[in-house]
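Participant: Quick one: structure below, then a few questions.
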Ligand code: ZN
């Protein structure tokens with residue numbers, strides 16, 4: 001099972017970190033050991049002083065996909081969840097400055113809290129899915145899938161050109177604007193439409 005993530009997939013987020021808007025999806029991966037399920041707490045790692053939350057929609061592959069055409073890609077996933085792409089921003093910025101891979105800044109243990117998956121067709125509006133993140137009760141991020149630079153179908157099309165997508169693989173589809181630092185003692189809540197899906201305490 002593989003976990004793909006997409007960087008800079010919302011224009012407003014690319015701009016807030018002063019990154020250019022990509023012409024093709026920016027794909028990276030996290031190891032399975034990054035997953036944090038069942039509302040387990042996140043333990044702040046000692047190697048970073050700047051862990052950021054990034055709230056994201058996550059799709060789960062329902063079939064193997066290789067060289068999938070954009071127009072058929074919607075047949076390859078049918079469940080969705082919300083997750084956090086925790087990022088050690090200080091490490092990431094140092095690695096980026098050297099042009100190095102950023103795995104340790106993105107793939108560390110517990111860096112991918114995820115909710116349970118729900119059927120896509122249980123949502124009110126599958127064409128424009130709303131999700132949001134609250135930090136200690138205050139809304140910090142609120143996104144809509146219509147604002148994705150590369151939509152779910154295009155991501156499946158693009159990744160499957162290079163890497164076989166297998167049934168059960170996850171794709172974290174990118175974060176909207178509003179990312180920010182977490183502190184020990186914080187509580188993060190993620191919503192899919194109006195439904196509280198994920199709670200993550202920072203310890
Ligand atoms: Zn992200």
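No lab work stands behind these numbers, since they all come straight from the coordinates. If you're wondering where the values come from, they're calculated on a predicted model, not measured in any experiment. Don't worry about glycine lacking a Cβ; one is built from the backbone with ideal geometry, like all the others, and counts go over all protein chains shown.
Participant: So for 27, 70, 58, 182, fewest C-beta neighbours within 10 Å to most, what's the order?
Facilitator: 70, 27, 182, 58
Participant: At 222 nm, what helix-only mean residue ellipticity would the chain give, in deg cm²/dmol to the nearest 500, using -39500 (n - 2.57) for each DSSP H run of four or more?
Facilitator: The per-residue figure over the chain is -4000 deg cm²/dmol.
Participant: Based on other C-beta atoms within 10 Å, arrange 109, 85 from fewest to most.
Facilitator: 109, 85
Participant: Right, something else. Post the alpha-carbon centroid distance, the stretch 135-203 to the stretch 12-39, in whole angstrom.
Facilitator: The stretch 135-203 and the stretch 12-39 have Cα centres separated by 9 Å.
Participant: Just check the stretch 1-112 against the gyration tensor rule for me: Cα atoms, a ≥ b ≥ c as the square roots of the eigenvalues, rounded for a/c under 1.5, and otherwise prolate or oblate depending on whether a/b exceeds b/c.
Facilitator: Because a/c hits 1.5 or more and a/b fails to exceed b/c, the stretch 1-112 counts as oblate.
Participant: Going by the alpha-carbon gyration tensor, a ≥ b ≥ c the square roots of its eigenvalues, is the stretch 94-203 rounded (a/c under 1.5) or, if a/c is not under 1.5, prolate (a/b greater than b/c) versus oblate?
Facilitator: Verdict is oblate for the stretch 94-203.
Participant: For the stretch 3-201, what's the relative contact order in percent, using C-alpha pairs closer than 8 Å and at least 6 residues apart?
Facilitator: Relative contact order, the stretch 3-201: 34 percent.
Participant: Counting other C-beta atoms within 10 Å, which of 10, 76, 162 has the fewest, and how do the rest follow?
Facilitator: Lowest count first: 162, 76, 10.
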